[in-house]
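The values are calculated or read from the model by the stated rules, or taken from the named source; none is laboratory data. Keep in mind it's a predicted model, so treat the numbers as computed, not measured. Note that each Cβ is placed from the backbone with ideal geometry, even for glycine, and that neighbours are counted across all protein chains shown.
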Amino acid sequence: MDSESPKLQIFFFPYILGGHLIPMIDLARVFASHHSHGVKATIVTTPQNALLFRKPILRDQQLGHDIGFQTIDFPAEEFGLPDGCENELSTTSGDMFDRLFMAAMKLQDPLESFLRKTRLDCLVSDRLYPWTAGIANRLGIPRIVFDGTGCFSHCIEESLRRYKPHEKVVSDTETFALPGLPDEIELKRSMLPDYVKNENGLTLFLNEALEGELKSYGAVVNSFYELEQGYADYFKREMGRKTWHIGPVSLCNRNNIDKLERGIETSIDEHSCLSWLDSKEPSSVLYISFGSMPRITPAQMVEIAYGLEASDHPFIWVIGRILRSSRESKQADQRVEDLLPKGFEERMRESKRGLIIRGWAPQLLILEHQAVGGYMNHCGWNSIIEGVTAGLPMITWPFASEQFYNEKFVINVIKIGISIGSEEWVPLKAQPRVTVKRDKVRDVVDRLMGGGVGGEEVDDDLVVEMRKRAKEFAAKAKKAVEKGGSSATNIDAFIKEFKSRRENNCLQPASGRASKIGDY
């Protein structure tokens, strides 16, 4: 690639919350650091979110990467939200979540105003900003969709839209097959989102998001071709979408400091976390995290705690916000530690068998440590792709969104997971109607971590095969992002295509570098 030709100017416009924000920041860093040195990456976000990533972006700039921020104000006050709420976990449920969503939609006018003053080669925006397709088309800017999930879940959605197999069963517990897909995939109606089973406001919004995707130039995917080859092909061939698999984007975090300072400040320091892990045998520790959204009820916390204690395997448990009922939320000063079984935390601390982290954990550091041998998670795509990259078999525990689809990918397609048995999709604002009992937690943990079931030692060939496949996928993930790998080649192709497009359109981007930290 001609190093003298002007750099591509790409704007990255992430959704405001962590599960969308973090991979989009990683994506921008991947493009800015690519060996072709052909991209000037500008991240358009709120001042508060820019501050979260100030340090890693500054380090990238010191390495000579052309990356920076352009900030637009977040209208928190207009919707009765506190300043900085876009990166506070306390605002991600109930009415506060609805207001946060509406405030995010109000970013449309300031973004368009800014884009009208700027020449760029393409806009990469989150799927949850479907209106960016209209802005981009009006201004003659190609819009690239970034969804933060893989192709597999979109293929599931397409099968449901085309064939409506869920409408042919008589009960929520009846299994049905999804036609047209590369593999035999089965679901139950109970696993489907409410907005799929019955049209509501969210259905209409997601239809708008789909229309925005169809009007866009293409999509970039945080995955790698070797992981979901059949579904990447289906996405292009059967659904007619132009895509570039460019992940895993988390692999741009090569140093411990980047892994530690990736988003919200962690609740444990690097030394304490790594010292605890260093004291454990290889592949002996189970890592448990259910993402940034509140999913676990007080009753379920108790069952998990008793199950972990009975399993007798070392674990790290990241406890985020607890999903409480309205009555529980009104109880004054009910601390997380008061929701655990009496003496549980003290017993785990004294025996050094369990490390409990409240809030935000340095997930990449933990997953990649040699002591970690398994990962219990909620089947969010970020969790899955990071678990795959670390070479870990998983215990799948989906709750909402597209998580039940992703569970099928882990268990039935790449075959590196065991289901905890959750089968009921739960809206964000609702209390889970089914809890997984402690005996089930113990048995599944024992099986994955090599202790058999109920403490009885067994040689589980299926788990052995899971571990082998997980390691193989991890090797493929790392190879994909290296020079000549599938993801690195896709980035080359992306840059080449947009440079060619610019030259053919005689469009010259604005000169200069992306804004430095502090310029906003």
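Key figures
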quantity: Enumeration of residues in the stretch 432-463 that are at pLDDT below 65, surrounded by fewer than 17 Cβ atoms within 10 Å (Cβ to Cβ) and either farther than 18 Å from Met293 by Cα or not basic (Lys, Arg) (or both); calculated: Val434, Gly452, Val453, Gly454, Gly455, Glu456, Glu457, Val458, Asp459
quantity: First in the stretch 193-204 and assigned by TED's automatic domain parsing to the domain that holds Glu424, second anywhere and among the hydroxyl-bearing types (Ser, Thr, Tyr), Cβ under 7 Å, 6 or more apart; calculated: none
quantity: Some residue of the stretch 337-357 being under 24 Å from Leu251 (Cα atoms), modelled with pLDDT under 95 and not assigned by TED's automatic domain parsing to the domain that holds Leu17; calculated: yes
quantity: Count of residues meeting criterion [part of a loop (DSSP other than H, G, I, E, B), surrounded by fewer than 21 Cβ atoms within 10 Å (Cβ to Cβ) and either in contact (Cβ under 8 Å) with a residue 60 or more places away in the chain or not assigned by TED's automatic domain parsing to the domain that holds His20 (or both)] in the stretch 129-171; calculated: 1
quantity: Filter result (on the phi > 0 side of the Ramachandran plot and over 25 Å from the mean Cα position of the chain (by Cα)) within the stretch 269-312; calculated: Asp312
quantity: Inter-residue pairs, beta-carbon under 7 Å, first over 23 Å from Leu128 (Cβ atoms) and in the stretch 16-41, second of a type in the set (A, V, I, L, M, F, W, C) and at pLDDT below 90, 6+ apart; calculated: Ser36/Met1; Gly38/Met1; Lys40/Ala514
quantity: Subset of the stretch 263-301 that is free of Cβ contacts under 8 Å to residues at least 60 places away in the same chain and under 22 Å from Arg442 (Cβ atoms) - its residue that is surrounded by the fewest Cβ atoms within 10 Å (Cβ to Cβ); calculated: Pro298
quantity: Test set (1) buried (at least 24 other Cβ atoms within 10 Å of the Cβ); (2) touching a Ser or Thr at 6+ places or on another chain (Cβ under 8 Å); (3) in contact (Cβ under 8 Å) with a residue 60 or more places away in the chain - Ile357 fails condition number; calculated: (1)
quantity: Of the criteria (1) within 21 Å of Lys40 (Cβ to Cβ); (2) free of Cβ contacts under 8 Å to residues at least 60 places away in the same chain; (3) of a type in the set (A, V, I, L, M, F, W, C), which one Ala177 fails; calculated: (1)
quantity: Residue satisfying all of: in the stretch 200-241; assigned to a loop (DSSP other than H, G, I, E, B) and polar (S, T, N, Q); surrounded by the most Cβ atoms within 10 Å (Cβ to Cβ) among these; calculated: Ser223
quantity: Residue check, Gly68 surrounded by fewer than 23 Cβ atoms within 10 Å (Cβ to Cβ) and small (Gly, Ala, Ser); calculated: no
